[in-house]
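Written below as structure tokens is the structure these notes are about.
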Amino acid sequence: MSDRHTVHLHDDYADGSMAEKLRSEIDRHTADCSACREDLDMIIELKKRLAEIEAPDPGDRYFQELTDKILYRTAPTDVRTDGAVIIPVSPGQQTMKTLIRVAAAVTLLFGSFYASAFLTDKNQSNYADSSQPAAFLLTDPIALPDAEAQAPAPSEDSPSDSDEKMPEK
Amino acid sequence: MTEDIIRLVHRFQKGDRQAFTRLVKEYQRRVYALSFKMLRNHSDADEVTQETFVRAYNRIEQLKSPEHFDSFLYRIATNYAIDLMRKRKGRIVAMPDESELPGSIQLTLSARVENPEKTLEDKQLLQAIIKAAEELPPRQQATLILHDVEGLSKEEVANIMDCPEATVRSNLHIARGKLKKKLAKLLTS
């Protein structure tokens with residue numbers, strides 16, 4: 001062996017996947033053969049350099065988001081009995097949905113509050129501005145049998161009364 | 001591979017999504033690292049990692065022995081990365097610029113700097129090797145990365161690449177031969 005070139009065996013030598021006997025024969029040969037020594041050194045150096053290649057760590061937050069994306073993409077699509085397909089919701093969509101729900105609830109709450117306040121005002125002004133009882137009084141089961149009798153006496157501020165009284169003045 | 005992982009794979013094969021989630025958390029860093037080393041690009045590595053787990057989820061019934069789950073994942077990732085490499089051939093791909101990487105990654109890289117002069121020299125040499133490796137045909141490149149960068153055995157590489165061990169040896173020999181020439185030129189200059 002020692003008088004023949006060993007280039008074809010250098011990969012196994014560098015990988016450490018070689019019997020000890022063969023390994024020592026290569027050692028003997030490369031001690032005298034500069035071409036083979038150079039080739040072997042180069043493979044060993046190359047392997048050392050390649051082992052230094054690293055991937056950067058994008059951080060825990062990135063991997064958490066990656067897990068979420070993978071789980072979203074593999075989420076089973078549910079088919080209901082009526083044939084409708086329930087599409088899974090992504091984490092981003094879920095947040096958006098929650099925000100929309102909260103906004104809708106707040107709008108509904110304020111809307112109903114203002115609407116009731118507005119209706120109360122309107123009913124009161126209707127009642128104040130007209131000689132007729134307010135509509136809600138007519139639908140009142142207690143007030144209905146004797147609506148006119150139950151109607152409060154027109155106030156002095158009532159426009160109809162004031163219209164009648166004005167000429168007296 | 002630990003008993004715990006094998007149990008998780010069994011549960012995953014029976015449709016347990018929680019087991020799948022744990023496997024994703026267990027392996028996503030390794031799959032991302034392998035993909036990054038092959039493609040040298042964060043967004044491609046991200047795509048390969050996502051796609052690997054989605055494909056693993058859809059093809060889990062093809063895995064006959066749960067103890068080979070890591071090879072199963074690596075095979076999917078390698079094949080997808082090879083596809084991307086082939087698509088990339090013919091168009092210019094810039095070497096990753098650290099300033100374009102997310103902040104956390106830049107921090108990780110800067111934390112490694114010890115001897116600036118030597119680091120610069122080493123870095124240039126390493127970049128030249130990486131550039132030379134990128135010019136290799138995709139399968140040779142993948143073989144080189146799995147064996148010499150990831151440190152897998154020839155048998156494991158053969159299993160992942162779905163080829164005989166002799167093909168791994170041959171690909172490795174050719175790839176190293178090309179890189180040796182490049183390295184020799186750089187070291188003598």
note = Considering residues that are surrounded by fewer than 18 Cβ atoms within 10 Å (Cβ to Cβ) and of a type outside the set (Gly, Ala, Ser), the number found within segment B:140-172 is 6
ask   = Within the bounds of segment A:57-74, is there any residue that is farther than 30 Å from B:Gly15 by Cα, in a loop (DSSP other than H, G, I, E, B), modelled with pLDDT under 90 and at the interface with another protein chain (Cβ under 8 Å from one of its Cβ atoms)?
value = no
Count - residues of segment B:28-41 that are more than 8 Å from the chain's Cα centre (by Cα) and facing chain A (nearest Cβ under 7 Å) = 2
query = Taking only pairs six or more apart or across chains, which ones have beta-carbon atoms under 9 Å, a first residue in segment B:64-76 that is under 16 Å from B:Tyr32 (Cβ atoms), and a second residue that is of a type in the set (Ser, Thr, Tyr) and in a helix (DSSP H, G or I)?
reply = B:Asp70/B:Tyr27; B:Leu73/B:Tyr27; B:Leu73/B:Thr52; B:Tyr74/B:Thr52; B:Ile76/B:Thr52
Identity of the residue in segment B:1-16, touching a residue at least 60 places away in the same chain (Cβ under 8 Å) and more than 18 Å from A:Ala75 (Cα to Cα), that ends up surrounded by the fewest Cβ atoms within 10 Å (Cβ to Cβ) = B:Met1
query = With B:Val48, B:Val31, B:Val54 as the choices, which residue is modelled with pLDDT of 95 or more, in a helix (DSSP H, G or I), closer than 17 Å to B:Met161 by Cα and out of contact with any Phe, Trp or Tyr (no Cβ under 6 Å at 6 or more places or on another chain)?
reply = B:Val31
query = Which ones in segment A:10-52 are more than 28 Å from B:Asp122 (Cα to Cα), in contact (Cβ under 8 Å) with a residue 12 or more places away in the chain and part of a helix (DSSP H, G or I)?
reply = A:Leu22, A:Glu25, A:Ile26, A:Arg28, A:His29, A:Asp32
query = Which of the residues spanning segment A:21-56 are away from every other protein chain (no Cβ under 14 Å), among the hydrophobic types (A, V, I, L, M, F, W, C) and surrounded by fewer than 17 Cβ atoms within 10 Å (Cβ to Cβ)?
reply = A:Leu22, A:Ala31
key: Residues of segment B:45-65 satisfying the condition of being more than 10 Å from chain A (Cβ to nearest Cβ) and crowded, with 21+ Cβ neighbours inside 10 Å   = B:Val48
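The values are calculated or read from the model by the stated rules, or taken from the named source; none is laboratory data. All of these numbers come straight from a predicted model, not from anything done at the bench. Here Cβ is always computed from backbone atoms with ideal geometry, including for glycine, and neighbour counts include all displayed protein chains.
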